[in-house]
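Encoded as structure tokens, the structure appears first; notes follow it.
Rule-based calculations on the coordinates, nothing more; no lab input. This is a predicted model, so every value here is computed, not measured. In this analysis, Cβ positions are derived from the backbone assuming ideal geometry, glycine residues included, and neighbour counts consider all displayed protein chains.
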Amino acid sequence: MSGNERVNSAEPRSTGLTRTLNFRELVFLSFGGQAALLSLLTYATGVLVYASRFSPIAIVLGTTVVLLNAVPVYGLSRRYAEAGGYYIYALYTMTRRLGLETGWVYIFYSVIYGAAYIMGAAYVLQYVIGLHPMFWAITIFVAASAFLALGIRPSARYAEIAAIAELIALIFIAVANLAIVGFKFYNPFSTARRLSPSLLATAILFAVGIPTGYGSITPLGGEALKREDIGRAALLVVVLGGLLSALVVYSIIDAGMYSGKLNYILSAKVPIMDFLRLYYREFALIILLFAAFNDGVLASLSFMAATSRTIYAMAKNNMLPYSLSNTKDGHPFNAVLATILAYSLVVVPPLALAGRPFELFLVYGGLAGMANLFVHISAGVSFVIQEFRTMKRALTYSSLRFMGWISRRLLLIILGLVAIIYSVWTLTISMGALSGETNLFLLWIIVGFVYAEVIDELMGRASQSQSS
């Protein structure tokens, strides 16, 4: 098959994996990939720096952007119920080569993004306790790898317990902060006029990183009991995580304003972390330890599961060594081992050489952000193409019922196009601001294109030998 040919898949094929994940488990795995508490300690810091008292609204706006990007995933996941996520979407709606390139970049994204959370967690734990960050990074990595090797069911159970505890912690922090000042509420719109459009845009870019996490469950379509649960879980977690994070940030600013400590909080090195230490003292240590370690394990585990399923799906289609598609009791064991190896190479040697987890977190965060936008552009294009094809078939009907259905499809296409435009704009801005990360990201894409050419050549020779 030529690399420019589209793979036809009117009906999703058997995945070879055991379907065990229900809607609830997918929600908690996605929430784990979001790492809400750790995201508040990192991404929310950027929002506070640029938006100050308007930060809660900036987070809501960022959540809206993420929700818009999740629409294509929602639509595509309802159609394709195979393991592989973004790779499968591009493979079936565009061409084999673009499918390979999307999967190639998604592997890069998921490995780097999961490793970024390990670095972020190691930094927080070092900041709070003082032990060497390598100790924390290896501890978190080993814990996540152990759950991954045990299979998706134990991973989902751990994610459920840990995510519920995190939800309780977030709600407690928000309510306790509001109670500190007797439930007095400030107006976040009061400073909107003093906020320039450029500052607001920058704050929203940081805010987008808070509710993102659904990308960790899209490759799990081959293990979901119902295909539509992937998209439903993605939308729910974006809304839940985004609004809850906005509430926590609002409560922190509210407590700071009415207690006269707002300037101290905003000028702190890590505002939310220092706020917790100021108001909760010894109890803050427990919250920070829980947030860092739990989210480090949970986020890296969620993205390691996503990486392994993408590797498995690509190997099954002969885009990676076929041995990586071997399963053991419905579990992609070889792909899991390859994932653990990839993470170990991204976590241990760089941290040993640099010794600064927060700087690595920033570099990895920039790389993952660009790769994330790339796969979302691919998903958006896949979604628009799929909707156009579906609508074209439906145009053979002329009843009012089908005209209403076509109108809804047009709305979905418009939403998909808006998501593509936003992702392209953001990727362009990001690549201009992150020169070093951009070079590495582009190098990975170029290697992917060369690899695609090699695969096409090998498959072409195999086809010729079979025909002769």
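Computed over Cα pairs, the Kirkwood radius of segment 252-375 leads via Stokes-Einstein (0.890 mPa s, 25 °C) to a diffusion coefficient of 138 µm² per second. Calculated translational diffusion coefficient of segment 169-322 (10 °C, 1.306 mPa s; Stokes-Einstein with Kirkwood radius over alpha-carbon pairs) equals 86 µm²/s. Both radii are taken from the alpha-carbon atoms of segment 52-155; with Rh as the Kirkwood radius, Rg/Rh is 1.08. Among the trypsin sites (Lys or Arg not before Pro) found in segment 172-222, those both in a DSSP coil and sparsely packed, with 14 or fewer other Cβ atoms within 10 Å of their Cβ, are Lys184. Projecting the Cα atoms of Leu443, Phe333, Leu29 onto the dipole axis of segment 23-467, where Lys and Arg carry +1 and Asp and Glu carry -1 at the beta carbon, places Leu29 farthest toward the positive end. Rg/Rh for segment 23-467 (Cα atoms only, Rh after Kirkwood) is 0.98.
The angle between the Cα long axis of helix 152-180 and the longest principal axis of the Cα atoms of the chain comes to about 30 degrees, rounded to the nearest 10. Among 84-93, 355-364, 36-45, sorting by the average number of other beta carbon atoms lying within 10 angstrom of each residue, highest first, gives 84-93, 36-45, 355-364.
Along the axis of the charge dipole computed for the chain (Cβ charges of +1 for Lys and Arg, -1 for Asp and Glu, origin at the Cα centre), the listed residues Leu373, Leu235, Ile265 are led at the positive end by Leu235. Run the Debye formula on the Cα coordinates of segment 125-175, all scatterers equal and no solvent, and tell me log10 I(q)/I(0) at q = 0.15, 0.28, 0.29 1/Å. The calculated log intensity ratios at q = 0.15, 0.28, 0.29 Å⁻¹ are -0.61, -0.92, -0.93. Here's the list of lysines a cross-link from Lys316 could span, going by alpha-carbon distance under 19 Å and ignoring same-chain residues fewer than 8 apart: Lys328.
Compared with the dominant principal axis of the Cα atoms in the chain, helix 96-128 is inclined by about 20°. Applying both filters, DSSP loop and at most 13 other Cβ atoms within 10 Å, to the trypsin sites (Lys or Arg not before Pro) of segment 216-272 gives Lys269. Using alpha carbons only, the radius of gyration of segment 107-248 set against its Kirkwood radius gives Rg/Rh = 1.01.
Evaluating 6.51 cos²θ - 1.76 cosθ + 1.60 at θ = phi - 60° for every residue in segment 341-348, the Karplus couplings come out as 4, 4, 5, 4, 6, 8, 8, 6 Hz, glycine and proline recorded as x. Positive end of the dipole of segment 86-200, charges at C-beta (+1 Lys, Arg; -1 Asp, Glu), about the Cα centre: which of Gly99, Ala116, Ser196 has its Cα farthest in that direction? Value: Ser196.
Remark: segment 23-467 carries a charge dipole of roughly 1000 debye about the Cα centre, counting +1 on each Lys and Arg Cβ and -1 on each Asp and Glu Cβ. Using the rule -39500 (n - 2.57) for each DSSP H run of four or more residues, divided by the residues of the chain, the 222 nm mean residue ellipticity is -27000 deg cm²/dmol.
Could you tell me how many degrees, from 0 to 90 and to the nearest 10, lie between the Cα long axis of helix 36-51 and the main elongation axis, the longest principal axis, of the Cα atoms of the chain? Helix 36-51 sits at roughly 70 degrees to that axis.
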